[in-house]
């Protein structure tokens, strides 16, 4: 299989962003150093933020940060990405602030426990505990590993979730889909990195055969709330989001697939450096507003 020509598939703005991202990578790629570099990069690409009130408080025993919108028709519960190993409330502070400002919805960012210090199922238990502690109209959202959690909790608590937004989601066992092989050496996220993240996530445990772990390991996609799924074409995870959308539709549900050309995994952080990434972010915010307004058919 010929390798994709990322020089042609990605535009100059994205290539400049990728070069800036690479400049933060530590010479010693130990996990503590990678975590520090990731947070430093997230802070460096964060623009001046809109004036949104927020407050930190535990929900269901889990640290969270709530952003207060001007027209909170629903609560967006947001799970950050980072392979279950990286990220926290600060890494996605700008993203959650801007989602709140652009949609008017309240956003609750969840600081779930990370592997390898807290391997599977700690992150899922935290995500479920937060949702179980809330009595509001909920839209579950997340990017990458955070989308894994948003989808897994939706499958487990489908009767309590109003809608879900999955942004370049990780939904299946590494290596199961064509895009994993086609984009094995994609920028930002490689096939090898996914395998490394999963090894840390499990920390020596056998891989569980449950949709709580990877949603596409399940076989029941009936009666799910509506979904929006955003996939990037230069991403080893591309096909997983496409398949989830198909299974949701074939099971009688309502789902919208947003295929973003010329983008790679992790493009949320590039939104102020790339017109294409900003357009994708606008699609996501529009989708969240549509989910908040979604009405069930009267039959």
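Helix-derived [θ] at 222 nm for the chain: sum -39500 (n - 2.57) over DSSP H runs of at least 4, divide by residue count, nearest 500?
Roughly -11500 deg cm²/dmol at 222 nm, from the helical runs in the chain.
With r defined as the distance between the Cβ atoms of residue 209 and residue 27 and R0 fixed at 45 Å, what FRET efficiency is calculated, to the nearest 0.05?
So, using R0 = 45 Å, E works out to roughly 0.70.
Show me 30-39, 90-99, 212-221 ranked by packing, highest mean number of other Cβ atoms within 10 Å first.
Going from most to least packed, we get 90-99, 212-221, 30-39.
By what distance, in whole Å, do the Cα atoms of region 79-157 stretch along each of the three principal axes, largest value first?
35, 26, 17 Å, listed from the longest principal axis down.
Taking a cut-off of 24 Å, what percent of all Cα-Cα pairs in the chain are separated by more than that?
Result: 48 percent of Cα pairs exceed 24 Å.
Packing-wise, with mean Cβ within 10 Å as the measure, how do 154-160, 73-79 rank, highest first?
73-79, 154-160
Packing-wise, with mean Cβ within 10 Å as the measure, how do 104-113, 197-206 rank, highest first?
104-113, 197-206
Where Rh denotes the Kirkwood radius from the mean inverse Cα pair distance, what is Rg over Rh for region 30-186?
Using Cα coordinates only, the ratio equals 0.96.
Where in region 179-193 is the amide nitrogen less than 17 Å from a point lying 7 Å along the Cα-to-Cβ axis of residue 8?
Residues passing the 17 Å test: 183.
None of the figures in this text is laboratory data; all of them are computed from the coordinates on show. Here the structure is a predicted model, which is why all the values come from computation and not from measurement. Positions of Cβ are generated from backbone atoms using ideal geometry, with glycine treated the same way; all protein chains shown enter the neighbour counts.
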